[in-house]
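The values are calculated or read from the model by the stated rules, or taken from the named source; none is laboratory data. Please read these numbers as outputs of a predicted model, since none were measured by experiment. Positions of Cβ are backbone-derived with ideal geometry, glycine not excepted, and every protein chain shown enters the neighbour counts. Ligands, DNA and RNA are stripped out before the accessible areas are found, and what is left, the full protein with its side chains, is counted by its heavy atoms. Shrake-Rupley method; radii C 1.70, N 1.55, O 1.52, S 1.80 Å.
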Amino acid sequence: GAVVSQHPSRVICKSGTSVKIECRSLDFQATTMFWYRQFPKKSLMLMATSNEGSKATYEQGVEKDKFLINHASLTLSTLTVTSAHPEDSSFYICSARHSGSQETQYFGPGTRLLVL
Amino acid sequence: GDSVTQMEGPVTLSEEAFLTINCTYTATGYPSLFWYVQYPGEGLQLLLKATKADDKGSNKGFEATYRKETTSFHLEKGSVQVSDSAVYFCALSGGATNKLIFGTGTLLAVQP
């Protein structure tokens with residue numbers, strides 16, 4: 001149980017285009033989802049926290065207009081990287097938490113984004 | 001603020017060697033503590049957790065004990081395998097938001 005999927009697993013796009021990444025909880029309802037960014041050989045950086053049906057809470061230094069987050073249902077959250085640039089290339093990982101476990105986050109497999 | 005410090009890697013061991021990856025934390029209150037593992041090209045998987053002092057989390061031969069007196073949560077395994085090669089992250093969760101705060105990760109490379 002507690003499986004989280006992400007789609008796509010990897011994406012290559014041209015500079016200036018927008019990319020949408022989906023995060024789904026497959027066998028539980030995720031009241032809260034988190035989006036992280038991981039740089040090579042670095043730890044995970046929390047970008048934002050989203051609760052179903054409300055606006056996401058962004059961490060300091062993360063541009064909300066650049067990284068659009070929508071948590072439309074209890075099983076789906078999306079991250080859209082708008083007008084992507086090469087510096088946005090990274091490994092994006094989502095996680096989900098259900099109401100029965102306020103501490104444990106279940107992570108998706110990640111999405112590798114490469115902006116050319 | 002809350003923080004997690006873990007030993008820098010890479011840690012290189014021979015198969016069947018004993019593993020210790022040190023992790024210490026700074027936190028107000030009583031956080032929950034976690035070890036996550038990340039295999040190459042994949043996302044993070046929860047390895048084990050402990051929610052209160054003196055709890056021992058264990059899974060797949062790995063274990064870690066929540067030591068409040070030393071603010072530590074060291075990861076140990078008695079006999080590592082090549083398949084244990086991965087990056088291991090120590091993390092804590094606590095406070096009103098229950099956000100996860102990660103250490104920088106430790107790369108473990110096990111050689112046959």
- Cβ pairs under 6 Å, 6+ apart or interchain, first in region B:1-12 and part of a loop (DSSP other than H, G, I, E, B), second among the polar types (S, T, N, Q) and open to solvent by 40 Å² or more (accessible area, probe 1.4 Å), ordered by first then second residue, are B:MET7/B:ASN22
- Message: With the condition being at pLDDT below 95 and within 14 Å of chain B (Cβ to nearest Cβ), I'd like the strands (runs of 3 or more DSSP E) fully within region A:33-116 carrying at least 1 qualifying residues.
- Response: A:44-51, A:90-98, A:111-115
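Mind checking which residues of region A:84-116 are more than 20 Å from B:ASN98 (Cα to Cα) and open to solvent by less than 50 Å² (accessible area, probe 1.4 Å)? Break it down into steps so the answer makes sense when it comes.
Applying the first criterion (more than 20 Å from B:ASN98 (Cα to Cα)) to region A:84-116 yields A:84-92, A:109-116.
Once the filter is applied, which keeps residues that are more than 20 Å from B:ASN98 (Cα to Cα) and open to solvent by less than 50 Å² (accessible area, probe 1.4 Å), region A:84-116 yields A:ALA84, A:ASP88, A:SER89, A:SER90, A:PHE91, A:TYR92, A:GLY110, A:THR111, A:LEU113, A:VAL115.
Return yes or no: is A:GLU52 free of Cβ contacts under 8 Å to residues at least 60 places away in the same chain, more than 30 Å from B:GLU8 (Cβ to Cβ), touching a strand residue (DSSP E or B) at 6+ places or on another chain (Cβ under 6 Å) and of a type outside the set (Lys, Arg)? First the steps, then the outcome.
Working: free of Cβ contacts under 8 Å to residues at least 60 places away in the same chain: yes; more than 30 Å from B:GLU8 (Cβ to Cβ): yes; touching a strand residue (DSSP E or B) at 6+ places or on another chain (Cβ under 6 Å): yes; of a type outside the set (Lys, Arg): yes.
When the stated conditions are applied, A:GLU52 passes them.
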- Among (1) closer than 18 Å to B:VAL110 by Cα; (2) away from every other protein chain (no Cβ under 14 Å); (3) open to solvent by 60 Å² or more (accessible area, probe 1.4 Å); (4) in contact with a Leu (Cβ under 9 Å, 6 or more places away or on another chain), the one test that B:PRO10 misses: (2)
- Message: So the check is Cβ under 9 Å with 6+ separation or different chains; which pairs have a first residue in region B:78-90 that's more than 14 Å from chain A (Cβ to nearest Cβ) and a second one that's of a type in the set (S, T, N, Q) and surrounded by fewer than 21 Cβ atoms within 10 Å (Cβ to Cβ)?
- Response: B:VAL80/B:SER14; B:VAL82/B:GLN111; B:SER85/B:GLN111
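Please give the strands (runs of 3 or more DSSP E) falling wholly within region B:21-73 in which 1 or more residues are open to solvent by 60 Å² or more (accessible area, probe 1.4 Å). Talk me through it step by step, then tell me what you get.
Working: elements: B:23-26, B:32-38, B:44-50, B:56-59, B:62-65.
Because the criterion is at least 1 residues that are open to solvent by 60 Å² or more (accessible area, probe 1.4 Å), the strands (runs of 3 or more DSSP E) in region B:21-73 that meet it are B:23-26, B:44-50, B:56-59, B:62-65.
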- Using the structure shown, decide if B:GLY94 is within 11 Å of chain A (Cβ to nearest Cβ), within 15 Å of A:LYS42 (Cα to Cα) and either touching a Leu at 6+ places or on another chain (Cβ under 6 Å) or touching a residue at least 60 places away in the same chain (Cβ under 8 Å) (or both). no
